[in-house]
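The values are calculated or read from the model by the stated rules, or taken from the named source; none is laboratory data. The model shown is predicted, which means the values in this text are computed figures rather than measured ones. Here Cβ is always computed from backbone atoms with ideal geometry, including for glycine, and neighbour counts include all displayed protein chains.
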Amino acid sequence: MADELSRLAPVPGSQKSRTRVGRGQGSGLGKTAGRGTKGQQARAGYTHKRGFEGGQMPLQRRLPKFGFTNINATDYTVVNVGKLGGLAAGSVVDAASLKAAGVIARIGRDGIKVLGGGELAVKLTVKAAKVSASARAKIEAAGGSVESAS
């Protein structure tokens, strides 16, 4: 065990020297250096495109394509009322404050949507793009208010 930094050494057997190919028959990887004989892959500078299968139709072209991405789809980040309970009483809750508090990881393209899951006992002013009816009722029952953030 190294008791000083000047005596530090790797554990025996942990560092393996790289195999030097093409350095004589005695090494076991002389002559063709493990590349076989002739052909494109035996030449220096050989590269192939990702997914190339030697002229065979590649897998990504053989498989059927399916699916659809709707570019007009709404993208809300959903937050339940129960998650808002940990915020300070009387604070204004909007997308930026929720992200800063770590309640949400990302803000959706269309903003925040508040749903009614969980309970709320803190008075808050919620500014969100969408608020469900049950969430609105719970926020107002706790003495808070809901504003549209559009």
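Could you tell me which of the residues Met57, Met1 is at pLDDT 95 or above and not assigned by TED's automatic domain parsing to the domain that holds Lys127? Give the derivation first.
Working: Met1 fails: at pLDDT 95 or above.
Only one candidate qualifies: Met57.
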* Any residue in segment 11-26 that's of a type in the set (Val, Ile, Thr): show its pairings with residues that are in a loop (DSSP other than H, G, I, E, B) at Cβ separation under 6 Å, as long as the two are six or more apart or on different chains. => Val21/Leu29; Val21/Ala33; Val21/Gly34
* Might you check whether a residue that is at pLDDT 95 or above, assigned to a helix (DSSP H, G or I) and among the basic types (Lys, Arg) occurs anywhere in segment 62-70? => yes
* Structure fact -> Those residues of segment 62-89 which are more than 14 Å from Asp110 (Cα to Cα) and surrounded by 10 or more Cβ atoms within 10 Å (Cβ to Cβ) amount to Asn80, Val81, Gly82, Lys83, Leu84, Gly85, Gly86, Leu87, Ala88, Ala89
* To do: Kindly provide the set of residues from segment 130-150 that are crowded, with 18+ Cβ neighbours inside 10 Å and closer than 18 Å to Thr74 by Cβ, ordered by number.
  => Val131, Ala135
* To do: Just name the residue that is farthest from Val126 (Cα to Cα) out of those in segment 86-104 that are assigned to a loop (DSSP other than H, G, I, E, B) and under 27 Å from the mean Cα position of the chain (by Cα).
  => Gly102
* State which residue is nearest to Leu98 (Cα to Cα) when the search covers only segment 115-135 and only residues that are part of a strand (DSSP E or B) and of a type in the set (D, E, K, R). => Lys127
